[in-house]
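Report on the structure given below.
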There are 2 protein chains.
Amino acid sequence: MLTKDFLRDRHRSELTKDDIAALESSISEVKDYGARETLIRAGERVRQSTLLLEGLMCRYMDDRQGERQLVAVHVAGDFVDLHGFPLRRLDHDVATLTEVRLAFVPHGKLLEIVAERPNLTRILWFSTLIDAAMHREWIFRLGRLNAYGRIAHFFCEIDAKLQAVNRSDGHHFPLPINQNDLGEACGMTGVHVNRILRQLREEGVMTFRGGEVAILDRKRLERIAEFDPHYLYLDENDPDRN
Amino acid sequence: MLTKDFLRDRHRSELTKDDIAALESSISEVKDYGARETLIRAGERVRQSTLLLEGLMCRYMDDRQGERQLVAVHVAGDFVDLHGFPLRRLDHDVATLTEVRLAFVPHGKLLEIVAERPNLTRILWFSTLIDAAMHREWIFRLGRLNAYGRIAHFFCEIDAKLQAVNRSDGHHFPLPINQNDLGEACGMTGVHVNRILRQLREEGVMTFRGGEVAILDRKRLERIAEFDPHYLYLDENDPDRN
DNA sequence: CGCAGCCTTGAAGTAAATCAAGGATTGTGG
DNA sequence: CCACAATCCTTGATTTACTTCAAGGCTGCG
């Protein structure tokens, strides 16, 4: 079941068995890629969309000096560029962060789904709007939080997303990216990321070393981040989950 | 024709007459509101969506100290909270900036459209994704531009959007908001906005006084902003338009 | 072994926030 | 018609957060 992580913990129950079968059968190909490959360039005409099965991807834009700003980080189960179907061309680049396994869905199949499956269509639409909600939270993070809060927020978000697809236990998880990537996501220099990580470590809130995250004091981390996971539209879940 | 500005200059031609008629007839009510009223609160269940016919609106989130971060500014023709249809509840507040005229579309009607009109559905979906593209550009603006660039970018964007619905001639247009609003959109204090506006004025780039914008040197403004309107997904337009 | 990539830390410089005080403009009630 | 309040704009002085520049250390790998 290639689509098993798609919308997992997010209203997946509203998909009928037929819907899931239709989605599953719309996949044309599964392929592996290496870390740090750019798969789609801004402005290109896109004719298929990409479901991320395993690994980490990102979307980003460059400024005039070529400095990157990440606009999204994706985990297993994310339909990375489903928005490319209605948009036809993207306004940003799409790249892998780690080694990944991808499934591709041709836009012709999506056209059929829109014509024949209103329920699945509404839920695919929903899934692209979760990305928009995360964009809004990133705007908030960049506009209103200081470096300390921005870094904390990043880790809260990625942990929540990984937990939803069972890739984090809420205390410890692998995140094979470097401090510079973190800076590109949070709008600051790699040097400053380093200092903030030291502060978080020294205060016993969390650690990030060698691509491994350990959350030591979740409450504190979430307070620093002003984190409230509502914007992720996860199913109401067991409050004692962790 | 209440929907005449919806997707104006943005693939509106892909809508058939029937699609437009269906959309038009899905409007249940038209109503006026005053400036600075909050219409929807984050977390509320929403059962209709709002088409902005005239005036300015915004969407925003508050931080713990109650400071606002705007996440979007809307102009005539924008379907402000169409994303509330698939999402059911919003992760942010929706408010008016100026006096506005609004048209409401019940979600029941949208369900019918999704069931019966795949073409219109795809284009409604498209319209919500333009908002996501603008969110991404805001992330870029906040993460990579300094105050000078951020303010310049804000004015480039709002001008482009207003031009698309014929509310700006590209040189001069009304924008009845204050310097503090600008700060809330661009992630900086009102005081600093004031200093940046002075700089833009003294350098002959643009002026913003008494709710009126005058663009004096568009090329320079766009260079300061690193502005490229691709992300607005406007129809390819007459390059000599201005 | 030696290089490359990444992390770490210090020192100095800069952009923006904060604090504070007036000034202009608009609206309002006496 | 004028006093006065409210709101918004403007500017200066100081502080703070973050960047930039620079150097060196660690780790894994060919």
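The values are calculated or read from the model by the stated rules, or taken from the named source; none is laboratory data. Nothing here was measured: the structure is a model prediction, and the numbers come from that model. Don't worry about glycine lacking a Cβ; one is built from the backbone with ideal geometry, like all the others, and counts go over all protein chains shown. Heavy atoms of the whole protein, side chains included, go into the accessibility calculation; ligands, DNA and RNA do not. Shrake-Rupley method; radii C 1.70, N 1.55, O 1.52, S 1.80 Å.
List of remarks:
- Cα-based Rg and Dmax for the range A:12-138, where Dmax is the largest Cα-Cα distance (Å): 14.6, 49
- Debye log10 I(q)/I(0) for the range B:1-62, one point scatterer per Cα, at q = 0.20, 0.22 Å⁻¹: -0.98, -1.09
- Taking 7 Å steps out from each Cα toward its Cβ at B:ASN146 and A:GLU99 produces label points 4.4 nm apart.
- Computed with a 1.4 angstrom probe on protein heavy atoms, the A-B interface buries about 4900 square angstrom of accessible area in total.
- Sparsely packed GluC sites (Glu not before Pro) within the range B:1-42, loop by DSSP, other Cβ within 10 Å at most 16: B:GLU37
- Mean accessible surface per residue for the range B:95-146, computed with a 1.4 Å probe while every protein chain stays in place, in Å²: 27 Å²
- For the range B:110-152, alpha-carbon Rg and Dmax in angstrom: 16.2, 48
- Chain B: most fluctuating residue of B:ALA42, B:ALA160, B:ALA95 per GNM, C-alpha cutoff 10 Å: B:ALA42
- Close amide H partners of B:HIS172, meaning residues 5 or more places away or on another chain with modelled amide H under 5 Å apart, are B:ILE215.
- Among A:PRO106, A:PRO176, A:PRO118, residue whose mean-square fluctuation peaks in a GNM of chain A (springs only between Cα atoms under 10 Å): A:PRO118
- Counting protein heavy atoms only, the range A:9-67 has 45 percent of its accessible area on carbon and sulfur, 1.4 angstrom probe.
- Computed E for B:LEU2/A:THR38 - FRET, C-beta separation, R0 45 angstrom, nearest 0.05: 0.55
- Modelled spin-label separation between B:ALA214 and A:ARG88, with each label point placed 7 Å from Cα along the Cα-to-Cβ direction: 3.9 nm.
- For chain A: relative contact order, % (alpha-carbon pairs under 8 angstrom, 6 or more apart): 21 percent
- Share of pairwise Cα-Cα distances greater than 16 Å in the range B:79-163 is 67 percent (whole percent).
- Largest to smallest accessible area among A:HIS11, A:HIS92 [probe 1.4 Å]: A:HIS11, A:HIS92
- Between A:ARG223 and A:GLN65, the FRET efficiency estimated from the beta carbon spacing at R0 = 35 angstrom works out to 0.50.
- Calculated over chain A, the projected area of the Cα convex hull averaged across directions stands at 12.8 nm².
- Span-rule helices in chain A, defined as complete DSSP H runs reaching 27 Å or more along the axis (Cα) with Kyte mean at least 0.0: A:118-144
- Residues of type lysines that A:LYS31 reaches as a straight line, Cα spacing below 29 Å, ignoring anything fewer than 8 places off in the same chain: A:LYS4, A:LYS17, A:LYS109, A:LYS161
- Rounded to the nearest 500, the 222 nm mean residue ellipticity of the protein assembly as shown from helices alone is -12500 deg cm²/dmol, with -39,500 (n - 2.57) taken per DSSP H run of at least 4 residues.
- P(r) histogram, all alpha-carbon pairs of the protein assembly as shown included - 10 Å bins from 0, percent: 4, 20, 31, 28, 15, 3, 0
- Stokes-Einstein D in µm²/s, Kirkwood radius over Cα pairs - the range B:145-232 at 20 °C with 1.002 mPa s viscosity: 167 µm²/s
- Residues in the range A:19-46 reached by a label modelled at B:HIS230 [backbone nitrogen below 16 Å; 7 Å Cα→Cβ]: A:38-46
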